[in-house]
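Participant: Here you go, one structure.
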Amino acid sequence: MLDKKIAILYCGSNTSINAGQFNALVKKTPELNIMADVDPIFVWSKPILDITAADWQVLASKIYSIRDNYDGFVVIHSSLGAINTATAVSFFIENLKQPILFTGSIGVSQAEIKSHWENIKTYWQNIKANLINAVQSAKINLPEVALLYSNQIVRANLTELLAGASAYPLYTADSGVLAKIDFSIRLTKNVLSKPAGKTKLVDTFNTNIEIINLETAVDYSSIITPLKNRDGLFIKTKNFYSVPKALENIIVEFGKTKPVAIHTDDNLEKDVPNSIVLKNMTEPAALIKFMWLLGQTKKINKAMMEKNYRGEIIR
């Protein structure tokens with residue numbers, strides 16, 4: 001009898017695969033069944049850009065509901081959307097005891113996607129090596145929501161997507177590298193300790209926010225009317241380190257009653273009143289954390305955003 005029981009959940013973007021086909025693929029892959037007692041669980045099959053916060057909640061709720069039945073979880077998910085989904089799951093499940101490892105194929109061009117995904121067997125071969133490594137890794141003491149898309153395991157909420165990268169489009173801070181995989185799985189000192197508290201599902205989430213990407217020559221007055229019905233404002237500065245005066249005035253007024261978060265990779269040239277400046281976490285983690293906290297309270301402050309809930313703060 002195999003000593004570990006692992007759930008393999010399908011949240012892929014290959015819409016050709018249905019639940020029956022997924023079950024058959026897992027059961028007919030002997031390498032998986034030799035390593036552990038694996039159960040295939042079909043959650044969704046949809047294009048990356050159609051994935052919503054409600055889908056994140058469905059996945060987290062599913063894992064939470066079966067948490068006592070398995071030693072670990074492997075989630076098949078395209079790398080191009082895995083950071084956001086995995087980061088959300090990391091916030092939704094408190095006091096996680098088992099590994100939740102996202103894996104699948106590395107992002108490829110649209111032409112390659114079309115040719116691969118018309119052939120389910122070819123697609124399965126494309127993700128097989130990562131899937132085998134993920135199942136093996138899900139058997140160890142790794143209480144993390146992590147990504148495995150190469151020869152290393154990284155914390156999801158410390159990872160970002162590299163624009164324009166094709167070979168390996170993910171970047172993780174050194175403090176987010178959890179394990180190296182070669183002839184064995186070598187854990188690093190970055191792995192979180194297994195929490196003592198009771199595992200909880202905290203998946204309240206508020207997407208009713210305005211998101212602004214700073215650009216030149218933008219008329220920011222156009223957001224004033226939509227903001228009246230929003231619960232929060234999140235600003236992505238990209239490579240800019242100051243906020244336009246017109247937008248600053250809007251932030252100061254809106255921030256008197258509702259939370260405003262500004263994500264930057266470095267210090268802003270000057271403080272913006274009534275805002276929370278975030279530079280110690282990735283942009284995806286900051287945005288998802290903001291909406292997660294906003295789902296629990298309308299009064300978000302700097303201390304709440306800077307608290308290290310799930311290892312998302314960059315050290």
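The values are calculated or read from the model by the stated rules, or taken from the named source; none is laboratory data. For clarity, every value in this text was computed on a predicted model and none was experimentally measured. Cβ sites come from the backbone with ideal geometry, for glycine too, and all protein chains shown count toward neighbours.
Participant: Scanning the range 173-188 for residues that are modelled with pLDDT of 95 or more and within 19 Å of the chain's Cα centre (by Cα), which turns out surrounded by the fewest Cβ atoms within 10 Å (Cβ to Cβ)?
Facilitator: Here the residue is 177.
Participant: Please determine, by comparing only the residues of the range 189-208 that are surrounded by 14 or more Cβ atoms within 10 Å (Cβ to Cβ) and touching a Ser or Thr at 6+ places or on another chain (Cβ under 9 Å), which one is farthest from residue 136 (Cα to Cα).
Facilitator: Looking at the filtered set, the residue picked out is 203.
Participant: Only one residue in 7, 88, 60 is touching a strand residue (DSSP E or B) at 6+ places or on another chain (Cβ under 8 Å), of a type outside the set (Ser, Thr, Tyr), part of a helix (DSSP H, G or I) and touching a residue at least 40 places away in the same chain (Cβ under 8 Å), so which one is that?
Facilitator: Just a single option satisfies the conditions, and that option is 60.
Participant: Please verify whether the range 77-85 includes one or more residues that are in contact with a helix residue (DSSP H, G or I) (Cβ under 7 Å, 6 or more places away or on another chain), of a type in the set (Val, Ile, Thr) and either part of a strand (DSSP E or B) or not assigned by TED's automatic domain parsing to the domain that holds residue 144 (or both).
Facilitator: No, the range 77-85 contains no residue that is in contact with a helix residue (DSSP H, G or I) (Cβ under 7 Å, 6 or more places away or on another chain), of a type in the set (Val, Ile, Thr) and either part of a strand (DSSP E or B) or not assigned by TED's automatic domain parsing to the domain that holds residue 144 (or both).
Participant: Quick check on the range 30-55: of everything there that is part of a loop (DSSP other than H, G, I, E, B) and at pLDDT 95 or above, which residue is surrounded by the most Cβ atoms within 10 Å (Cβ to Cβ)?
Facilitator: Looking at the filtered set, the residue picked out is 36.
Participant: Filter the range 142-170 down to residues that are in a loop (DSSP other than H, G, I, E, B) and in contact with a Lys or Arg (Cβ under 7 Å, 6 or more places away or on another chain) and give me whichever is farthest from residue 285 (Cα to Cα).
Facilitator: Per the criteria, the residue is 151.
Listed here are the residues, each with its yes/no results for (1) in contact (Cβ under 8 Å) with a residue 60 or more places away in the chain; (2) crowded, with 16+ Cβ neighbours inside 10 Å; (3) among the basic types (Lys, Arg); (4) in contact with a Cys (Cβ under 7 Å, 6 or more places away or on another chain).
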| position | (1), (2), (3), (4) |
| --- | --- |
| 281 | yes, yes, no, no |
| 287 | yes, yes, no, no |
| 290 | yes, yes, no, no |
| 295 | yes, yes, no, no |
| 299 | no, no, yes, no |
| 302 | no, no, yes, no |
| 308 | no, no, no, no |
| 312 | yes, yes, no, no |
| 315 | yes, no, yes, no |
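Participant: In the range 234-271, what residues are closer than 14 Å to residue 282 by Cα and of a type outside the set (Ser, Thr, Tyr)?
Facilitator: 234, 235, 236, 238, 239, 261, 262, 263, 265, 266
Participant: Restricting to the range 14-28, name every residue that is touching a helix residue (DSSP H, G or I) at 6+ places or on another chain (Cβ under 7 Å), more than 20 Å from residue 69 (Cα to Cα) and surrounded by fewer than 23 Cβ atoms within 10 Å (Cβ to Cβ).
Facilitator: Selection gives 16, 17, 21, 25.
Participant: Can I ask one more? Give me the pairs, please: first residue somewhere in the range 31-43 and charged (D, E, K, R), second residue anywhere and outside any strand (DSSP E or B), beta-carbon distance under 7 Å, and either six or more positions apart or on two chains.
Facilitator: From the range 31-43, the pairs are 31/132; 37/2; 37/4.
Participant: Could I ask something else about it? Quick check, is residue 129 surrounded by 12 or more Cβ atoms within 10 Å (Cβ to Cβ), without any contact (Cβ under 8 Å) to a residue 12 or more places away in the chain and outside any loop (DSSP other than H, G, I, E, B)?
Facilitator: So residue 129 fits the description; yes.
Participant: Being over 29 Å from residue 174 (Cβ atoms) and either surrounded by 14 or more Cβ atoms within 10 Å (Cβ to Cβ) or of a type in the set (A, V, I, L, M, F, W, C) (or both): is that true of residue 234 here?
Facilitator: So residue 234 does not fit the description; no.
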